[in-house]
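Shown next, in structure tokens, is the structure this report addresses.
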Amino acid sequence: MKNIFTIVLMTVWFYFMPIHALKAEILEFVFSDFPPFEYVESLSVKGINKEILEEACHRLNLTPVFLKLPWKRALAYVKHGNGDAIFSLFKNKERLKYYNYPDENLNTVKMVLITNKKNEIKINMLQDLRGKQVGVYRGSSYGKAFDDDDLIIKDAVNNNEILLKKQLIGRTQVIVMDERVAKYWCKKLSLENNFKTLPYVVTMKHTYVAFSKAKEKLTKKGWSIQFSSVLKEMKNDGFIEALNSKYKF
């Protein structure tokens with residue numbers, strides 16, 4: 001069913017592509033739902049980072065194609081050179097083996113702890129999470145200290161909606177989620193009054209578009225260098241700041 005959805009999405013996109021765009025070089029960007037940064041709604045790809053990449057491609061005379069996959073599949077798909085790039089990706093030592101990162105990031109996420117409003121749990125440091133059931137997004141990184149701590153009982157699921165719903169019924173004690181993502185989903189699910197954010201911040205990290213080393217080895221294209229330049233330009237001229245303000249909740 002997911003494959004059918006992907007085909008339909010790409011077919012619709014090509015149908016509405018202007019003729020002049022067919023002459024531009026096409027880059028395939030792979031992602032998973034991470035609203036408000038990138039998501040699919042009514043067969044259209046939307047979000048802050050999607051619009052940033054769209055504008056970057058426009059300035060570089062490139063045509064972007066967006067392909068939605070489950071996160072772990074998306075990572076493997078680009079890692080093996082089937083797609084050109086993946087977003088929104090954290091940078092770590094392991095990923096640097098397979099992806100080329102621009103110098104400039106797309107955005108910054110603030111990973112916080114969400115729990116039920118009536119929950120009296122206190123988390124003042126990372127070690128306070130040890131022995132507790134903590135909901136996480138499968139395949140995501142929350143910083144080396146969190147990722148490597150095997151005493152934290154990590155309950156991994158495939159999307160943020162499930163994370164919130166499991167927390168709501170008490171299947172987890174806290175969940176880790178980006179602050180803006182949490183606000184988006186709570187508003188969408190009418191759950192604003194059910195949760196609270198704890199003061200402790202797990203991590204603040206930059207997210208990037210990362211290009212497949214395997215694909216660039218074949219095409220001999222250095223897209224990460226070109227995107228470094230254009231993303232810096234977009235920050236300097238205020239485009240990215242204005243876009244982030246547009247998506248405030």
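Quick one: grab the alpha carbon gyration tensor of segment 120-170, order the square roots of its eigenvalues as a ≥ b ≥ c, and give me rounded if a/c is under 1.5, else prolate or oblate depending on whether a/b is larger than b/c. Note, shape of segment 120-170 comes out oblate.
Residues Glu192, Glu120, Glu104, ranked from the fewest to the most other C-beta atoms within 10 Å, line up as Glu120, Glu192, Glu104.
Once you have the Cα-Cα distance between Lys165 and Asn193, take 0.36 nm times their residue separation minus that, and quote the gain in nm to one decimal.
On the way: separation 28, 0.36 × 28 = 10.08 nm, distance 1.36 nm.
Stretched fully, the Lys165-Asn193 segment lengthens by 8.7 nm.
Mean-square fluctuations from a GNM of the chain, with a 10 angstrom spring cutoff on Cα atoms, peak among Thr207, Thr108, Thr219 at Thr219. Counting only Cβ charges, +1 for Lys and Arg and -1 for Asp and Glu, the dipole size of segment 105-178 around its Cα centre is about 300 debye.
Give, rounded to the nearest 20 debye, the magnitude of the charge dipole that segment 151-205 has about its Cα centre when Lys and Arg contribute +1 at Cβ and Asp and Glu contribute -1 at Cβ.
Working: 10 positive and 5 negative charges, 11 e Å.
For segment 151-205, the charge dipole is close to 60 debye.
Sort the chain into rounded, prolate or oblate with this rule: let a ≥ b ≥ c be the square roots of the eigenvalues of the Cα gyration tensor; rounded if a/c is under 1.5, and if a/c is not under 1.5, prolate when a/b is larger than b/c, oblate otherwise. Prolate.
Here r is the Cβ-Cβ distance between Ile225 and Glu41 and R0 is 25 Å; the resulting FRET efficiency, rounded to 0.05, is 0.15. Taking label points 7 Å from Cα along the Cα-to-Cβ direction, Ala76 and Ile121 give a separation of 3.0 nm.
Comparing Gly135, Gly238, Gly81 in a Gaussian network model of the chain where C-alpha atoms under 10 Å apart are linked, the largest mean-square fluctuation is found at Gly238.
Report, in debye and to the nearest 20, how large the dipole of the chain comes out about its Cα centre when Lys and Arg carry +1 and Asp and Glu carry -1 on their Cβ. Walk me through the numbers before you get to the answer.
Working: 40 positive and 27 negative charges, 108 e Å.
The dipole of the chain has a size of about 520 debye.
Fully extending the segment from Lys248 to Arg59 would add 65.5 nm, taking 0.36 nm per residue of separation and subtracting the current Cα-Cα distance.
Read the figures in this text as sums done on the coordinates, not as results from a lab. Source: prediction; values computed, not measured. Heads up, the Cβs are rebuilt from the backbone with ideal geometry, glycines too, and the neighbour counts pull from every protein chain shown.
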